[in-house]
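The values are calculated or read from the model by the stated rules, or taken from the named source; none is laboratory data. Everything numeric here is computed off the predicted structure, so don't read it as measured data. Backbone-built Cβ (ideal geometry, glycine too); neighbour counts: all protein chains shown. Side chains included, ligands, DNA and RNA excluded: accessible areas come from the protein's heavy atoms. Shrake-Rupley method; radii C 1.70, N 1.55, O 1.52, S 1.80 Å.
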Amino acid sequence: MRDAAEDDSDSPPSQMSEDDPGGGGGGGDRWEPDLRGGNGGGGRWAPPDQVLENVLESVLEFLTAARDRNAASLVCRSWYRAEAQTRRELFIGNCYAVSPRRAVERFGGLRSVVLKGKPRFADFSLVPYGWGAYVSPWVAALGPAYPSLERICLKRMTVSDDDLALVAKSFPFFRELSLVCCDGFSTLGLAVIAERCRHLRVLDLIEDYVEDEDDELVDWISKFPESNTSLESLVFDCVSVPFNFDALEALVARSPALRRLRVNHHVSVEQLRRLMARAPQLTHFGTGAFRSEAAPGGGLSVTELATSFAASRSIICLSGFRDVNPEYLPAIYPVCAKLTSLNFSFASLTAEELKPVIRNCINLRTFWVLDTVGDEGLRAVADTCSDLRELRVFPLDASEDSEGSVSDVGLQAISEGCRKLESILYFCQRMTNAAVIAMSQNCPDLVVFRLCIMGRHRPDWIMGEPMDDGFGAIVMNCKKLTRLSVSGLLTDKAFAYIGKYGKLIKTLSVAFAGNSDMSLQYIFEGCTKLQKLEVRDSPFSDKGLLSGLNYFYNMRFLWMNSCRLTMRGCKDVAQQMQNLVVEVIKDHSDDEGEAEIVDKLYLYRSLAGPRNDAPPFVTLL
């Protein structure tokens, strides 16, 4: 199904809805109740079509799921119009899939907009700097069209300080700004948002790159209103520059609705304690560094910090620990039993440091951790967290030749102890088919399975065989699977399994895998619900690419890099599929001429056609 913003405005007419105005086949006018709450309890005479549309709009107000609304908009023209007028939230998965002008012309009363920009592989530095995804044209279009807009969420977009200033100026009732994996802005832009958005409830900065020099820092925290604020969530742990802590403490004290607070690594445990005293109502807390800045022997004691955590009875989610002193970890014991989410993905903990903590976390449902805990640490998780639903194990060293501290042993332990698991991301260097098969059998409710074997073409490290049977078991036994990441030594057999059994897969990521173009053909022909396909460092050529010609229109995008594609093959796709945008991206912007071998291919559907802001290293075919 097409995205909400990508539905064609020229949908076919329907006899059901496209009667002439005032018509109705001789039935005359019809009494219409005042569904809008008009004056006096009376009514007014309206043509049948208008009655139908008013009733339909009232019904659609209760339809909130994007999938249901998309389906309703495709019924006929009157449903299309009614759905557009009643939609309050707009999600656009690719900012280049539709023009801002088209979006604002279609939807009349939006209150919330979610925009995504760069391809996901930008997270791995595979999309060159300056590629695009600028939010400027969107903000410029949204301002005049939606003065009552309350929420903007941007992911992998380039956002300037001027863009943030325009947001603050354009939307007087603005309440929520979330920037995820964005770049281009500084503390100057944050200061404008804090100062001018007087109704702000949410300011979440997640994994952003804030561009500030030491001599350009702005005291943005002190710009929030001096009266009581409406803040419910303030997240800025990714903002690496120092800030005014006294201003933050005062802000927290005058924000009685604050429930979510995540601070950066410049906050010590002594300061952390002061924040907790000001906001005992917090449910989600990011701890910053989790170390003392005092001289040895003069810092806060563990007992004192534990007392503060004991007084914070509402905490259910802990994160931070960016420069953790393990000696302070016992201080969080008082809240461990209530935790449903714990994020240690920045803490280089050993198994011995983790085990005393995790054994208290009996209700944990989400756990992120570094692989430094080893298989022994994961075994402790499995022994305690039987209700775990999401696990992410990140590498301390993501290089291909790193040793890696977790393996098949840890994965199998998790599968045996955490049988309610629904989502897993697991980085490792050594894996076996047996461990993956065990996970497929023990955790049949998996919706997301992302196994990243970091070395290239790594086989089952015990048997020396390809990992085909392991991934085959995942798609066969996990009937709810919608997202899959594969790696290791894989042959066409694995992709045949995926095509045959992965009928619900929407997102597929492939790294260092496959042995012929048949792999891609199996995917295109078998995975009928596939929306996103990401491929890197795999031996797929133009033949494999062209096998997807009949399927690209049903996908949101295809990304391929470091494969065996040629410019000729990419041009063939562009010529045969006029409504797709085909981008060829060079690894280096100073490369001259047209190379025959393609570094990166980004293919996506778009109602707007080729973009007009492509940098020199991007060729639009």
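Given a Förster radius of 45 Å and the C-beta distance between residue 503 and residue 294 as r, what FRET efficiency does 1/(1 + (r/R0)^6) yield to the nearest 0.05? Write out the running numbers ahead of the final one.
Working: r = 59 Å, r/R0 = 1.30.
It comes out at approximately 0.15.
Taking +1 at the Cβ of each Lys and Arg and -1 at the Cβ of each Asp and Glu, which of 302, 187, 132 sits farthest along the dipole of the chain towards its positive end, judged by Cα position relative to the Cα centre?
The Cα lying farthest towards the positive end belongs to 302.
How big is the antiparallel share of DSSP beta bridges in the chain, given as a percent to the nearest 5? Each step should come with its number before you reach the end.
Details: 19 of 93 bridges.
Around 20 percent antiparallel, to the nearest 5.
For residue 283 paired with residue 350, estimate the spin-label separation in nm (one decimal), with each label point 7 Å from Cα along the Cα-to-Cβ line.
Using points 7 Å along Cα→Cβ, the separation is 3.8 nm.
For the pairs 338/503; 223/355; 116/571; 169/338, flag any whose C-alpha to C-alpha distance is greater than 31 Å. Numbers along the way, then the final one.
Numbers: 338/503 38 Å; 223/355 42 Å; 116/571 26 Å; 169/338 41 Å.
Pairs exceeding the cut-off: 338/503; 223/355; 169/338.
With θ taken as phi - 60° and the coefficients 6.51, -1.76 and 1.60, list the Karplus ³J(HN,Hα) couplings across region 162-172 in order, rounded to whole Hz; mark glycine and proline as x.
Listing the rounded values in order: 5, 4, 5, 5, 5, 4, 4, 7, 7, 10, x Hz.
Give or take rounding to whole Å, what are the principal axis extents of the alpha carbon atoms in region 405-553, in descending order?
Extents along the principal axes, in whole Å: 43, 29, 19.
Given H placed 1.01 Å from N in the peptide plane, which residues other than close sequence neighbours of residue 322 have an amide H under 5 Å from its amide H?
288, 289, 290
Just how far, in whole angstrom, is region 503-520 from region 414-457 if you go by their alpha carbon centroids?
Each part's Cα centre sits 17 Å from the other's.
In debye, nearest 20: dipole of the chain around its Cα centre with unit charges on the Cβ of K, R (+) and D, E (-)?
Numbers: 68 positive and 83 negative charges, 400 e Å.
Dipole magnitude for the chain comes out near 1920 debye.
For residue 537, put the label point 7 Å out on the Cα→Cβ axis and report which residues of region 412-437 keep their amide N under 15 Å from it.
427-430
Report the label-to-label distance for residue 75 and residue 383 in nanometres (one decimal), using points 7 Å from each Cα along the Cα→Cβ vector.
Between residue 75 and residue 383, the simple spin-label model gives 5.8 nm.
What is the ratio of the Cα radius of gyration of the chain to 2.2 N^0.38 Å, with N the residue count, to two decimals? Write out the running numbers ahead of the final one.
Numbers: Rg = 26.8 Å, N = 621, 2.2 N^0.38 = 25.3 Å.
Rg over 2.2 N^0.38 Å, computed on Cα atoms: 1.06.
Could you order peptides 510-522, 245-257, 536-548 by the average number of other Cβ atoms within 10 Å of their residues, highest first?
Ranking, from highest mean packing down: 510-522, 536-548, 245-257.
On the accessible surface of the chain, probed at 1.4 Å, how many percent belong to carbon and sulfur atoms? All intermediate terms of the calculation are to be shown ahead of the outcome.
Values: 13060 of 26540 Å².
Accessible surface attributable to carbon and sulfur in the chain totals 49 percent.
Between region 87-129 and region 338-404, what is the separation of their alpha carbon centroids in Å?
34
Work out from phi, with θ = phi - 60° and the Karplus expression 6.51 cos²θ - 1.76 cosθ + 1.60, the ³J(HN,Hα) of each residue of region 261-277, listed in order in whole Hz, and give x for Gly and Pro.
For region 261-277, the Karplus-derived couplings read 9, 10, 9, 8, 6, 7, 9, 8, 5, 5, 5, 4, 4, 5, 5, 5, 5 Hz, x marking Gly and Pro.
With θ set to phi - 60° and the Karplus curve 6.51 cos²θ - 1.76 cosθ + 1.60, what are the ³J(HN,Hα) couplings of region 63-69 in order, to the nearest whole Hz, using x for Gly and Pro?
8, 10, 5, 4, 4, 5, 5
Let's test the formula: R0 of 25 Å, r as the Cβ-Cβ distance of residue 254 and residue 173. What FRET efficiency results, to the nearest 0.05? Don't skip to the end; give the middle numbers.
Details: r = 21 Å, r/R0 = 0.83.
E between residue 254 and residue 173, to the nearest 0.05, is 0.75.
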